[in-house]
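Everything on this sheet refers to the single structure shown next.
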Amino acid sequence: MTDEQLLQMANDIRERAYAPYSGFKVGAALLCADGTVFTGVNIESETYTPSICAERTAFFKAISEGYSDFVKIAVTCDKPFCSPCGVCRQVMVEHAPDLEILLGNPQGTFKRMSIKELLPESFSLND
């Protein structure tokens, strides 16, 4: 799967986000080593705390289906680039320490990063 295809999947699913409070819709598409893709959107709650980000939605769907070998995730929003929050970064590094991340938007521009670039001093069981 190309980067552009993965980004398009994230952008397409983004429309399903439930963001009535912030209006900030995010889509994610998580690529597994075998080519399977899991998508996710952010889902807000009136009380904010039970809300979940698109990245974690995609990861938790994949993990709940028995997948554990993750290669790349595309994340899109209406801003130039949508960087994952700290909680999502921690989930990513725990489940995919070599994950490649594509940060994109509906216009098709994106930048490539690694989870180690986004979270260089991550917490682990060794800590």
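The values are calculated or read from the model by the stated rules, or taken from the named source; none is laboratory data. Because the structure is a prediction, the values reported are computed rather than measured. Heads up, the Cβs are rebuilt from the backbone with ideal geometry, glycines too, and the neighbour counts pull from every protein chain shown.
Which condition from (1) without any contact (Cβ under 8 Å) to a residue 24 or more places away in the chain; (2) assigned to a loop (DSSP other than H, G, I, E, B); (3) more than 14 Å from ASN11 (Cα to Cα) is the one that GLN107 breaks?
Among (1) without any contact (Cβ under 8 Å) to a residue 24 or more places away in the chain; (2) assigned to a loop (DSSP other than H, G, I, E, B); (3) more than 14 Å from ASN11 (Cα to Cα), the lone unmet condition for GLN107 is (3).
Which one of these is out of contact with any Cys (no Cβ under 8 Å at 6 or more places or on another chain), under 29 Å from SER124 (Cβ atoms) and touching a residue at least 40 places away in the same chain (Cβ under 8 Å): ASP78, ASP3, ASP34?
None of the other options fit; the residue is ASP3.
Search region 25-70 for residues being of a type in the set (Asp, Glu) and surrounded by fewer than 24 Cβ atoms within 10 Å (Cβ to Cβ), and hand back the single one that is farthest from the chain's Cα centre (by Cα).
GLU46
For residues in region 1-47 being hydrophobic (A, V, I, L, M, F, W, C), assigned to a helix (DSSP H, G or I) and touching a Gly at 6+ places or on another chain (Cβ under 7 Å), which is farthest from MET113 (Cα to Cα)? Don't jump to the end; show me each part of the working.
Taking region 1-47 as the starting set, the residues that turn out to be hydrophobic (A, V, I, L, M, F, W, C) are 1, 6-7, 9-10, 13, 17, 19, 24, 26, 28-33, 37-38, 41, 43.
Those left that are additionally assigned to a helix (DSSP H, G or I): 6-7, 9-10, 13.
Add one more test, that the residue is touching a Gly at 6+ places or on another chain (Cβ under 7 Å), and what stays is 7, 10, 13.
Working: LEU7: 14, ALA10: 16, ILE13: 21 Å.
Ranking the qualifying residues of region 1-47, first place goes to ILE13.
Taking interchain pairs and intrachain pairs at least six residues apart, which have beta carbon atoms under 9 angstrom, with the first residue in region 7-22 and in contact (Cβ under 8 Å) with a residue 60 or more places away in the chain and the second basic (Lys, Arg)?
ARG14/LYS25
Quick one: how many residues across region 59-84 are in a loop (DSSP other than H, G, I, E, B), at pLDDT 95 or above and either within 23 Å of GLY23 (Cα to Cα) or of a type in the set (S, T, N, Q) (or both)?
Matching residues across region 59-84 total 3.
Which condition from (1) assigned to a helix (DSSP H, G or I); (2) of a type in the set (Lys, Arg); (3) out of contact with any Leu (no Cβ under 9 Å at 6 or more places or on another chain) is the one that ARG89 breaks?
Here ARG89 meets the rest and fails (3).
Look through ARG56, ARG112 and report the one residue that is within 24 Å of GLU4 (Cα to Cα) and in a helix (DSSP H, G or I).
ARG56
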